[in-house]
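Engineer: Structure in structure tokens, see below.
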Amino acid sequence: MDRASETALLNFCVKQKDGFAAQKWHEFGAVKNDELAAVALFLAGVDWYGHREELLEVAEHLRPGYVGKFSQLAKESAMDCSRFSNMLKMRLIHNDKSLS
């Protein structure tokens, strides 16, 4: 995952946090399906994002057979999970503050 993909995914995930729509994930064409599926699986596995079941369905739609194989998909898409997690949390905090 390059920085442009990472940025697009971070922006998308911030928007989807409170206004989740599975169809938007299916239509999101700014990154490769592998990258989007990896992010969906990652977020389905954390307790702070929400939308677990919907994200698992999104991942299964994007990459059939990869639910339960997050580490393999993250490796294939070169996702830096720690970096992505930290950056997304910071953006979500900033977004919450700007809405106050």
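The numbers here are math on the coordinates, done by the rules we state, and not lab data. Note that this is a predicted model, so its numbers are computed, not measured. When we count neighbours, we look across all protein chains shown, and the Cβ atoms used for this are built from the backbone with ideal geometry, even at glycine.
Engineer: Net charge around residue 31, counting only other residues with Cβ within less than 11 Å of its Cβ (Lys, Arg = +1; Asp, Glu = -1)?
Structural biologist: -3
Engineer: Quick one: Karplus J couplings for region 36-49, per residue in order, coefficients 6.51, -1.76, 1.60, θ = phi - 60°, nearest Hz, x for Gly and Pro?
Structural biologist: Calculated HN-Hα couplings, in order: 5, 5, 4, 5, 4, 5, 4, 5, 5, x, 9, 8, 9, 9 Hz.
Engineer: For the chain, what does -39500 (n - 2.57) per DSSP helix run (n ≥ 4), summed and divided by total residues, give at 222 nm, in deg cm²/dmol to the nearest 500?
Structural biologist: Computed mean residue ellipticity for the chain: -22000 deg cm²/dmol.
Engineer: For region 3-58, rounded, prolate or oblate, judged on the Cα gyration tensor with a ≥ b ≥ c (square roots of eigenvalues), a/c < 1.5 rounded, else prolate if a/b > b/c?
Structural biologist: It comes out rounded by the Cα gyration axes.
Engineer: Please report 82, 71 as a ranked list, fewest other C-beta atoms within 10 angstrom at the top and most at the bottom.
Structural biologist: 82, 71
Engineer: Hey, what did the chain get for relative contact order, percent, Cα under 8 Å, at least 6 apart?
Structural biologist: Computed value for the chain: 32 percent relative contact order.
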